[in-house]
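A.B. asks: Got a structure for you, written out below as structure tokens; questions coming shortly.
Quick note: the coordinates plus some simple rules give every number you see, no bench work behind them. Values in this document were obtained by computation on a predicted structure and should not be read as measured data. Virtual Cβ from ideal backbone geometry, glycine too; neighbours counted across all protein chains shown.
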Amino acid sequence: SNQPLPHDEL
Amino acid sequence: MNAFRLLADLTHLLSIIILLVKIRTTKSCAGISLKTQDLYVLVFISRYLDLFTRPLSLYNTPFKLVFLATSITIVYYMRYHKVVKQTYNKDSDTFKHYFLILPCAVLAFFINPKFTFIEVLWSFSIYLEAVAILPQLVLLQSSSNIDNLTGNYVFMLGAYRALYLLNWIYRFFAEDVVRWIPWIAGLVQTALYADFFYYYIKSWRNNERLKLP
């Protein structure tokens, strides 16, 4: 899927 | 979460604390580039807009709030505090940092994970952070004597993103996570510190004053 990865980093 | 990432975020937090301690205890911002601090405020605002849209995280949310609050406080001190603002090296802090903003914005417009407001701004903040240290490094080169706290501040700031690179290598192998945008920007960011790291470590080992050519 081309969903962007969640920004789980700062 | 992994040890590299935790150490990286703590190093980043430490760098900001060192800078705040320097400004508050010495009531001076000599050797600190206001332009770099302005860029960091822009980096954090454009990156942490998702504070209100995405689910809060016990770990990330406090860090985001602290980074936003401290970076704005530092700029406030350097611009408006009656004593501190006198110590700002206005005539040495000459880097044209506005020339950094437009290319990062254009790059983010074309290269982003998804063409949405949040993702484009997030990409912009990643690119801008990679070059935000330039005014500070240029100012250090023109500084005759760099005080320890300033040297330590810049060192920690460079070290945090280097630790993020290790975190990304770990996540690539352990979690099969691939993120080209922060990886390449992070490499560029860390590479910009290369010569500073060299002179910083050299001055630390020879126990002499830090001096950039």
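A.B. asks: If you take every residue apart from B:His12 with its C-beta less than 12 Å away from the C-beta of B:His12, what net charge results, scoring Lys and Arg +1 and Asp and Glu -1?
C.D. replies: 0
A.B. asks: May I ask for log10 I(q)/I(0) of segment B:61-175 at q = 0.12, 0.13, 0.22 Å⁻¹, from a Debye sum over the Cα atoms as equal point scatterers with solvent left out?
C.D. replies: -0.60, -0.71, -1.47
A.B. asks: Using the C-alpha gyration tensor of segment B:1-54, what are the square roots of 5 times its eigenvalues, in whole angstrom, with the largest one first? Mind dumping the intermediate values first?
C.D. replies: Details: eigenvalues 119, 61, 16 Å².
Listed largest to smallest, the semi-axes of segment B:1-54 are 24, 18, 9 Å.
A.B. asks: Same structure again: To the nearest 10 degrees, how steep is helix B:60-80 against the longest Cα principal axis of chain B, on a 0 to 90 scale?
C.D. replies: The answer is roughly 30 degrees.
A.B. asks: Binning at 5 Å from 0, report for segment B:24-85 what percent of all alpha-carbon pair distances ends up in each bin.
C.D. replies: 4, 18, 25, 19, 14, 11, 7, 3, 0
A.B. asks: What fraction, in whole percent, of alpha-carbon pairs in segment B:64-130 exceed 17 Å separation?
C.D. replies: 60
A.B. asks: Straight distance only, please: which lysines reach the Cα of B:Lys22 with their own Cα at less than 20 Å, same-chain residues fewer than 8 apart left out?
C.D. replies: B:Lys35, B:Lys82, B:Lys85, B:Lys90, B:Lys211
A.B. asks: Okay, moving on. Output ³J(HN,Hα) for segment B:141-157: one whole-Hz value per residue in order, computed from phi by the Karplus curve 6.51 cos²θ - 1.76 cosθ + 1.60 with θ = phi - 60°, and x for Gly and Pro.
C.D. replies: Couplings: 5, 8, 7, 6, 10, 8, 6, 4, 4, 5, x, 5, 4, 5, 4, 5, 5 Hz.
A.B. asks: Additional query: Return the sequence-ordered ³J(HN,Hα) values of segment B:130-140 in whole Hz as given by the Karplus equation 6.51 cos²θ - 1.76 cosθ + 1.60 applied to θ = phi - 60°, using x for Gly and Pro.
C.D. replies: These are the phi-based 3J(HN,Hα) values: 4, 10, 4, 6, 4, x, 5, 5, 5, 5, 4 Hz.
A.B. asks: Could you work out how far helix B:34-47 tilts from the main Cα principal axis of chain B, as a 0 to 90 degree angle to the nearest 10?
C.D. replies: Helix B:34-47 sits roughly 20 degrees off the main axis of chain B.
A.B. asks: Estimate the FRET efficiency between B:Tyr170 and B:Ala191 by the formula 1/(1 + (r/R0)^6), using the beta-carbon distance for r and 22 Å for R0, to the nearest 0.05.
C.D. replies: On the way: r = 20 Å, r/R0 = 0.91.
The computed FRET efficiency comes out at 0.65.
A.B. asks: Along Cα→Cβ, 7 Å out, is where each label goes; now give me the distance between the ones at B:Tyr76 and B:Glu208 in nm to one decimal.
C.D. replies: So the two model labels end up 4.2 nm from each other.
A.B. asks: Now for a separate question. How far apart, in nm, are the 7 Å Cα→Cβ label points at B:Lys27 and B:Gln141?
C.D. replies: Result: 3.4 nm between the two label points.
A.B. asks: So how far, in whole Å, is the C-alpha centre of segment B:80-114 from the one of segment B:1-53?
C.D. replies: 14
A.B. asks: When a footprinting reagent is the concern and you count Cβ atoms within 10 Å, what order do B:Arg179, B:Arg47, B:Arg54 take, fewest first?
C.D. replies: Listing B:Arg179, B:Arg47, B:Arg54 from fewest to most nearby Cβ atoms yields B:Arg54, B:Arg179, B:Arg47.
A.B. asks: Follow-up. Seen from all sides and averaged, what is the projected area of the convex hull of the Cα atoms in chain B, in nm²?
C.D. replies: Approximately 12.3 nm², given one-decimal rounding.
A.B. asks: In addition: Run lengths n ≥ 4 of DSSP H only: what is the helix-derived mean residue ellipticity at 222 nm for chain B, with -39500 (n - 2.57) per run over all residues, to the nearest 500? Please report the intermediate quantities before stating the final value.
C.D. replies: Details: 9 runs with 149 residues, N = 213.
Calculated at 222 nm, the ellipticity per residue is -23500 deg cm²/dmol.
A.B. asks: Enter the angle in degrees (range 0 to 90, nearest 10) between the Cα long axis of helix B:180-192 and the first principal axis of the Cα atoms of chain B, meaning the one along which they spread out most.
C.D. replies: Between helix and principal axis, roughly 10 degrees.
A.B. asks: Rounded to the nearest angstrom and ordered from largest down, what semi-axes does the equivalent ellipsoid of segment B:140-205 get from its C-alpha gyration tensor (root of 5λ)?
C.D. replies: So the equivalent ellipsoid measures 29, 11, 9 Å along its semi-axes.
A.B. asks: Report the rotationally averaged projected area of segment B:21-127 based on its alpha-carbon convex hull, in square nanometres.
C.D. replies: Averaged projected area of segment B:21-127's Cα convex hull equals 7.8 nm².
A.B. asks: Cα-based Rg of the protein assembly as shown per 2.2 N^0.38 Å, rounded to two decimals? Numbers along the way, then the final one.
C.D. replies: Details: Rg = 17.4 Å, N = 223, 2.2 N^0.38 = 17.2 Å.
Computed over Cα atoms of the protein assembly as shown, the ratio equals 1.01.
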